[in-house]
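Step one of this worksheet: look at the structure below.
Coordinate-derived values only; no laboratory data. Since the structure is predicted, the reported quantities are computational estimates derived from the model, not experimental observations. Because the Cβ atoms are built from the backbone with ideal geometry, glycine has one as well, and the counts that use them run over all protein chains shown.
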Protein chains: 2
Amino acid sequence: MTHSMKTLQPLFAPRRVAVIGATDKPGSVGRAVVENLAGFTGHLLLVNRKHPEVLGRPTLARIADLPASTDLAVVVTPAPAVPDILRECAVAGIGAVVIISAGFKETGAEGAELERELLEVARAAGMRLVGPNCLGVMVPASGLNATFATAMAKPGNIAFLSQSGALCTAILDWSFQAGLGFSAFVSVGSMLDVGWGDLLDHFAADPATSVIALYMESAGDARAFLRAARRASVRKPVIVLKAGRTEAAARAAASHTGAITGSDAVFDAALRRAGVLRVDTIAELFQTADLLATQPPPPGRRLTILTNAGGPGALAVDMLVRHGGVPATLAPATLEALNAFLPAPWSHGNPADILGDAGPERYARALEILAADPGCDGLLVILTPQSMTDSLAVATALEQVATQIDKPLLASWMGGQGVEPGRQALARAGIASYAYPDTAARIFARVAVHLEEQRHQPVASDPVPLSAPAEAEACVAFARAEGRTLLTEAESKRLLAACGLPVVPTRTAAEAGDAVREAEVMGYPVVLKLHSLTLTHKSDVGGVRLNLVDAAAVRTAFHDIREAVTAKAGAEHFAGVSVQPMIAPGGWELILGASTDPQFGPVILFGAGGVLVHVLEDTAIDLAPLTSEQAHQLIARTRIRRALAGARGMAPVDLDALAERVAAFSTIPLRLPEIAEMDLNPLRVSEAGFVILDARIVLKAK
Amino acid sequence: MTHSMKTLQPLFAPRRVAVIGATDKPGSVGRAVVENLAGFTGHLLLVNRKHPEVLGRPTLARIADLPASTDLAVVVTPAPAVPDILRECAVAGIGAVVIISAGFKETGAEGAELERELLEVARAAGMRLVGPNCLGVMVPASGLNATFATAMAKPGNIAFLSQSGALCTAILDWSFQAGLGFSAFVSVGSMLDVGWGDLLDHFAADPATSVIALYMESAGDARAFLRAARRASVRKPVIVLKAGRTEAAARAAASHTGAITGSDAVFDAALRRAGVLRVDTIAELFQTADLLATQPPPPGRRLTILTNAGGPGALAVDMLVRHGGVPATLAPATLEALNAFLPAPWSHGNPADILGDAGPERYARALEILAADPGCDGLLVILTPQSMTDSLAVATALEQVATQIDKPLLASWMGGQGVEPGRQALARAGIASYAYPDTAARIFARVAVHLEEQRHQPVASDPVPLSAPAEAEACVAFARAEGRTLLTEAESKRLLAACGLPVVPTRTAAEAGDAVREAEVMGYPVVLKLHSLTLTHKSDVGGVRLNLVDAAAVRTAFHDIREAVTAKAGAEHFAGVSVQPMIAPGGWELILGASTDPQFGPVILFGAGGVLVHVLEDTAIDLAPLTSEQAHQLIARTRIRRALAGARGMAPVDLDALAERVAAFSTIPLRLPEIAEMDLNPLRVSEAGFVILDARIVLKAK
């Protein structure tokens, strides 16, 4: 059995738990852990070398004295003692250890050395470690609170995994207010052994967990995380809040693609591919987890709003639409049923404003009718406390109806303490409750859009050719042999052509006479561009001349380019010119690029290209390789897609063919792993087809 | 003295207040109002025809019995009785009346008739009315609670004006939780008389008010609102939450400009021009009002973050940057001062992470040092409750320091009930407190960016020429005489040229021979376009032929256009062609447009043009007319501005000249008010200058 296949059962479903370093010293972590574990429904054992008794419980003097079937040990001793303790645990046959102790790699080289020692011991014994430097682990259903937190989480169906111990206490504290319950609450610490991948796999399979929520500061083993996230998100929603969106320092990069893709954008693409719902704020993490934990998943994006005041309903619609939701259209039968009992001035549409004097019965009956409408994917009930409103009675009336509704039910009882009893009744009824109606609508929209996107995620992958054509390999080898990492434009195009992509014919010429000969063969008009082994931004040094109509023009252009480059950069950068046919304008200029993310590997970029690429910022990225279906989705995430699809009477391009090309391109970095970056910009797409006008390929430094 | 100049003093600073319809009937609005007014520090009078005593207070039988100096009457009687009551109030010389009673225009024609009667009486007597159909008015400082709400707002410096009575109770309820205090709390009801304009003027001048917050459902008298908002926002912050962003149905429009500008976008532009800070959600309305009411205005966008945990600091930076804020850079002296007393592993930068064991003294000293840094425009203090954290003691320690800091101070004590005592200490210290650190950073950024924009708002207006050139008038008159609202392309260009804008020469030709003659005079290559009195989208009917190089090509193009238009639309739409020189590519295609908003009048649109205008969605709008400075700001709100400014080595265009043209264009709809819409698309801007290639003008229907 490989290491990663060992289950985390001893960690989350232990029968016997031992505290190593149990003490009754007031204010100590060791005492807090023992106190917290008092409610554990299994068997609790304490180990203390000196004192036969701690907090009224007998202790064992040595780890070796523990019964053979001890599943989990919680270690709270100072760092230097931990390796020996771990060795003893291994001998005692303990399955998992939570190391709460700090003082490891975060303190410097010595601590890092200690960590290596721990890992070695654990790996050798097949023992799993959580931490070090963490708050610990809670499993509320079994009363397991192996932490030094001041309170125990409520039982429920959310598995919460946090990389910040500091945040855990705050989150717990909030969770009581929000009424959230947890299947497990894990502070992951340094993730020396048990990491995101293990935990995602575990909770994906855990029947007590229906939502997995992560607070991340770093991805750790990025590929393991992604693979596990993909597996988990197929089974239940995975929500991620990650700090440090803007931390990514601008990377110096030789290509447009390198500059546009930043590590957070790549992380975002990776999460999308893994089917993870990414949220932006702490509040959203809660609100989203709450909706997914308490309500059935919305089958679509159409929300029906029931309210006793117009303004709050309108605010909710604004936010719903802004985040991709759709106000449900009420069916004629629904309108008829509502007309039959509502006062005449009701809004006769969605939001259904049933007026300021609405009482419990009117609310309950309207909700029942609205929920039965087949065009409704979820419902939001808004209550503003008005002079005749009994907010508790309305909430109580909804409890009854709610049990018969199999769609997501959200509510906003607007106000503070005055509507608190009503809110509590809503919580009892299993309705997701939000302080503000606009917040509720936004969370519904984000969840519904995410689930819809996930339903449309292609499952099968197009087969990826693993080897590269010999000629493409040769292009790479040739540049390497010359000690270059930069391929010339002509070499770049040759490589792409070898991989089956259409490029504009491109011939190099060292002398003006050669250039004229090439032009005559190609036919006028032509384009001349600098051919250089060293310079990559040709326009910047006056290295591009368009629309040359005869031999004289070619000659002049050749000399102009040589002069301009010599003056601006130096004669050594001029190695001749490349000659290409002038492609008539028409169609669209696009960019297609690839770069290499240190964590996630090859990344593909697509978007509006040409000189405007940085001005328009109309690009989207995804991880390589892409299936044609995924390439379609990448294209669909840009604004230029509308032009490509033939908006406003423009001639549409063949989007299937384009997606095929993009998918084919996306395999190149995997087939030729020596490639660091590729820029195809512009490539021209029109009714007539797809052709690469300029290309630049950079190899990885050796 | 004109009506609008009458002050609202009797309304908000009355000495004597009378309740008309005072009653002790349990559950009645009349009783609630009397009870609420019990705390009024002035003189309270009750009027009841039948009962000599209400709730233990003596009543007067008739309004005529009121003392002559009664400032304010509160009316709670049924609607039909209100006009007569108002007449009696007028005779009694009462200055202002709050009509809480409902049952007016919201119930139909009869109610609307009643309203007209009320207004007539009030206007004749110079009496101001609030309502009808409102919750009433509160002035906490004087104990004036002329509402039927269940609680009185806390005194403070926020004037809150709400168009939704239903929302008022919820807002009040929340305000207690958030600890917000009000100088006045006004439910505006139907705004029959006193509207946004009056209230903004009043509270702009009110020394007890430092922030004005509005919840709007409609702008009412839009121009009066805007003028008053502009006047007010110069003196103090004005915050607006408006419901119904997405209500604006797509308007059928003959022009691109008409389709892009929607009424909410125009409202947005109007608010920006008025210096109003628009928020999107109820929560933001509170959070923003709180910051502005309790803190000095941030002088810039640079926020310094002090925290005892890294993750929450990173989340705050993410949101700060996303909303336009900037993490402050710590000066060397600041770093030195912090290094001198902080433990070595502190973060040595911003966010200043002073570690999990930070106590009150470390927090207080670090805050003092950070606040003294001249590169800091505001501070956010984050506390996560960790094992050694005393959240109350830290808050208490900050109280002392806070009094010496003259920059905005925000705090987030993370968690629920556990940190509540700390939060209360923060509130006592006058620190703006937020549940989540990312929320705090977002609100700081939005406020700082808004104030910075406002500081850069141009104050003076370029003079606007009020009359139009005779030739431009003639173009309009000619189309009118022919019963057309659509000007031909040639007419549109003539009008624009008459107004001083450069257009490409455009000659019409009814026959192929004429077209050739015009082309010969102009010089080849030329463009031929359909000339039609009826069709406006020429490309759609095959009505455009580019790059014609000789007479034969012109002839062919003429016949092709006639054939295509005849086939696709009918021969009657073909009135010949227009001949124009072919402008060489290069530079940028822009759109400049004007449309007419029913509330706000002429609106100007600027952005990336050509066929991609709807694909790129890179446009910005503002109200006409624009000064050159405002035109610069309009241009600056598009992405294409970067290309125009010469990004990445592109040749920059003369932005000053472009802004002058845009400003000149923006005066045309005011000089020629018969114009409904104008589309200049594309106009080409390059190093060489500015030229309008195509134009379309639509007149208002008569």
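Structural remarks
- Projected area, mean over directions - the stretch A:3-243, Cα convex hull, nm²: 12.1 nm²
- Once the C-beta distance of B:ARG484 and B:ARG637 is scaled by a Förster radius of 35 Å, the resulting FRET efficiency is 0.50 to the nearest 0.05.
- In the stretch B:296-455, the ratio of gyration radius to Kirkwood radius, Rg to Rh, stands at 0.93 when only Cα atoms are counted.
- Label geometry 7 Å along the beta-carbon vector: A:ARG637 inter-copy distances in nm: 2.9
- Helix axis angle, B:263-274 relative to chain B longest principal axis, alpha carbon, degrees: 70 degrees
- Spin-label model, A:SER218/B:GLU674: points 7 Å from Cα along the beta carbon direction are separated by 7.3 nm.
- Backbone N under 16 Å from the A:ALA331 label point (7 Å along Cα→Cβ), restricted to the stretch A:367-393: A:367-379
- Of the chymotrypsin sites (Phe, Trp or Tyr not before Pro) found in the stretch B:192-228, not one falls in a DSSP loop while having at most 14 other beta-carbon atoms within 10 Å.
- Theoretical ellipticity at 222 nm over chain A - DSSP helices of four or more residues, -39500 (n - 2.57) apiece, nearest 500: -11500 deg cm²/dmol
- Extension gain, B:ARG62 to B:ASP514, is 154.0 nm, computed as 0.36 nm per intervening residue step minus the present C-alpha separation.
- Relative to the longest principal axis of the Cα atoms of chain B, helix B:82-91 runs at roughly 70 degrees.
- For the pair B:LYS50 and A:ARG49, label points projected 7 Å from Cα toward Cβ lie 9.0 nm apart.
- Over the stretch B:470-581 - Rg/Rh using Cα atoms and the Kirkwood inverse-distance radius: 0.98
- Using a cutoff of 8 angstrom between alpha carbon atoms and counting only pairs six or more residues apart, the relative contact order for the stretch A:3-243 works out to 16 percent.
- Global geometry of the stretch B:314-396, whether rounded, prolate or oblate, following the gyration tensor of its Cα atoms and the 1.5 cut on a/c: oblate
- Across peptide A:359-369, the average count of Cβ atoms from other chains found within 10 Å of a residue's Cβ is 0.
- Calculated label separations, A:GLY601, copies of the chain, 7 Å along the beta-carbon direction, nm: 6.3
- Principal-axis analysis of the Cα atoms of chain A puts helix A:470-481 at an angle of about 90° to the longest axis.
- Cα centroid separation, the stretch A:334-365 to the stretch A:107-180: 50 Å.
- Fraction of antiparallel bridges per DSSP, the protein assembly as shown only, in percent to nearest 5: 50 percent
- Exposure proxy shown here: for B:HIS614, A:HIS202, the number of other Cβ atoms within 10 Å sets the order, fewest to most, as B:HIS614, A:HIS202.
- Looking at chain A, the DSSP beta bridges with both ends there are about 50 percent antiparallel.
- Exposed-site-free run, longest, chain B (rule: GluC sites (Glu not before Pro); DSSP loop; at most 16 other C-beta within 10 Å): B:1-246
- The mean number of Cβ atoms from other chains found within 10 Å of a Cβ in peptide A:309-322 is 6, as a whole number.
- Cα principal axis extents for chain A, largest first, Å: 98, 79, 40
- Gyration tensor over alpha-carbon atoms, the protein assembly as shown, equivalent ellipsoid semi-axes in Å: 55, 52, 28
- Teacher prompt: A:GLU452 distances to equivalent labels in other copies, 7 Å Cα→Cβ, nm: 3.6
- Compactness of the stretch A:588-699, expressed as Rg and Dmax over alpha-carbon positions, Å: 13.3, 43
- Between B:THR403 and B:MET388, the simple spin-label model (points 7 angstrom out along Cα→Cβ) gives 3.0 nm.
- Selection of trypsin sites (Lys or Arg not before Pro), the stretch B:35-88, meeting DSSP coil and at most 13 other Cβ within 10 Å: B:ARG49, B:LYS50, B:ARG62
- Cβ-derived FRET efficiency at R0 41 Å, B:THR107 paired with B:GLN599, nearest 0.05: 0.95
- Where a label projected 7 Å from the Cα of B:PHE341 along Cα→Cβ would reach, residues of the stretch B:363-394 with amide N under 17 Å: B:363-373, B:394
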